[in-house]
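The values are calculated or read from the model by the stated rules, or taken from the named source; none is laboratory data. Not measured: the values here are computed from a predicted model. We place every Cβ from the backbone using ideal geometry, glycine too, and count neighbours over all the protein chains shown.
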Amino acid sequence: MPDRCDGGAPTVIVVSRPGATALPSETVGRYARKMSNPQTLPTAADIDAAAGRIAGVAVRTPLVHSPVLDARTGGRVFLKAETLQRTGSFKFRGAFNMLAQIPEHQRENGVVAYSSGNHAQGVAAAAKLLGMPAVIVMPADAPASKRARTAALGAEVVLYDRVHESREAIAERIATARGATLVPPFDHPKIVAGQGTVGREIIEDLVALGASPDLVAVNASGGGLTAGVALAVKAKAAAANIFTAEPENFDDHARSFASGVRERNSAASGSICDALLAPSPGEITFAINKMLVAGGVAASDAEVAAAVAFAFHELKLVVEPGGAVALAALLAGTLDVRGRVAVIVLSGGNVDAELFAKLIG
């Protein structure tokens, strides 16, 4: 059973994984065989290969040190600013890594993806760079700015009702009809490997500063970014604790770590964190995260709103609600970083102007 550390709501659920540095080969095989669609789990070596593939195309985003956060939290805090990534979020990394590996003879049929907005833009941008047509299935209630930017990148946007329709089923039908390649938002080895370059850069930049992370907090939806970061960080800093950060009432990762199985959220909407509303952890991502992640934290919409405002006023950064949950948990005191080196991943900055104005006002 996991250890439970209660510090008031929201709760930190900690699953101890002492000494974990990577997924052993026998573990990889065991989990791969148990999956409904068995695939080889990605490794740190796959992340290294992805780094070479996206070099010169994706932005190597800065690791920002924040004296303001140091003073407020008592730790040494760094922010991985994926808000400055191409298309405004980390999603471009995984999308380009996967699309770049599609054989030339298959590219004319294009790609199909489903996303609330950030993966949509990442896939659309990668497809445009590689000369491939793209169809993106997006919820009708996705932020207007994300829908518009996806279309502006040349993708065909198909809208659906996230409460009553299955985006996976719609995308599967389109991909089959067109002979296109389906590009999942998180549950694919090539996507995870691409997102893992975030963790690889974190380690490299900290090493250059003579530091090593004690804690890395990652915003989680399906768990692809968390899995990639965990693989990369744990390969070089075995003692580091990785935490997921999720919206309150959408903390499926925290509950899954506690139970040992993939839990589902009861609602499909109801948070300002539109980027983090996947119904449950992915198969591939959870196989990795249950072994390497220390636990999960959650933040309320009010705490997230305060974090978005803090990032703008104090750090001069534009962060969308879903990209600010880990920061919110830090500011709320849910993550205790006193005397520790901590990295908070700011995973995206694609927020509607009207909502942003309301949050920072």
Give the residues of the range 224-256 that are in contact with a Lys or Arg (Cβ under 8 Å, 6 or more places away or on another chain), assigned to a helix (DSSP H, G or I) and over 13 Å from Lys290 (Cβ atoms), sorted by residue number. Ala232
Looking at this structure, is Pro185 more than 13 Å from the chain's Cα centre (by Cα), closer than 28 Å to Pro321 by Cβ, assigned to a loop (DSSP other than H, G, I, E, B) and at pLDDT 95 or above? no
Quick check on the range 249-275: of everything there that is among the charged types (D, E, K, R) and surrounded by 22 or more Cβ atoms within 10 Å (Cβ to Cβ), which residue is modelled with the lowest pLDDT? Asp274
Is it the case that the range 189-209 has a residue that's of a type in the set (Gly, Ala, Ser), out of contact with any Gly (no Cβ under 6 Å at 6 or more places or on another chain) and surrounded by fewer than 17 Cβ atoms within 10 Å (Cβ to Cβ)? yes
When you scan the range 100-107, do you find a residue that is in contact (Cβ under 8 Å) with a residue 12 or more places away in the chain, assigned to a helix (DSSP H, G or I) and not assigned by TED's automatic domain parsing to the domain that holds Ala220, even just one? yes
Of the residues Arg86, Arg76, Arg149, Arg93, which is among the charged types (D, E, K, R) and in contact with an Asp or Glu (Cβ under 7 Å, 6 or more places away or on another chain)? Arg76
For the condition of a type outside the set (A, V, I, L, M) and surrounded by fewer than 18 Cβ atoms within 10 Å (Cβ to Cβ), what is the one hit in Gly348, Gly333, Gly322? Gly333
Filter the range 125-173 for residues that are part of a helix (DSSP H, G or I) and of a type in the set (Ser, Thr, Tyr); which is surrounded by the most Cβ atoms within 10 Å (Cβ to Cβ)? Thr150
Hits in the range 268-285 (condition: in contact with an Asp or Glu (Cβ under 9 Å, 6 or more places away or on another chain) and not small (Gly, Ala, Ser)): Ile272, Cys273, Asp274, Leu276, Pro279, Pro281, Glu283, Ile284, Thr285
State yes or no: is Ala238 surrounded by fewer than 19 Cβ atoms within 10 Å (Cβ to Cβ) and modelled with pLDDT under 95? no
Kindly list, by first and then second residue, each pair from a residue in the range 68-80 that is more than 18 Å from Val318 (Cβ to Cβ) to a residue that is part of a helix (DSSP H, G or I), limited to pairs with Cβ atoms under 7 Å and residues at least 6 apart or on different chains. Thr73/Leu330; Arg76/Asp70; Val77/Leu69; Val77/Asp70
When only residues in the range 295-314 that are surrounded by fewer than 24 Cβ atoms within 10 Å (Cβ to Cβ) and among the small types (Gly, Ala, Ser) count, which is farthest from Ile47 (Cα to Cα)? Ala302
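For every residue, the table says whether it meets (1) in a helix (DSSP H, G or I); (2) under 23 Å from Leu41 (Cβ atoms).
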residue	(1), (2)
Thr176	yes, no
Lys190	yes, yes
Val198	yes, yes
Ile202	yes, yes
Asp205	yes, no
Gly210	no, no
Val216	no, yes
Gly222	no, yes
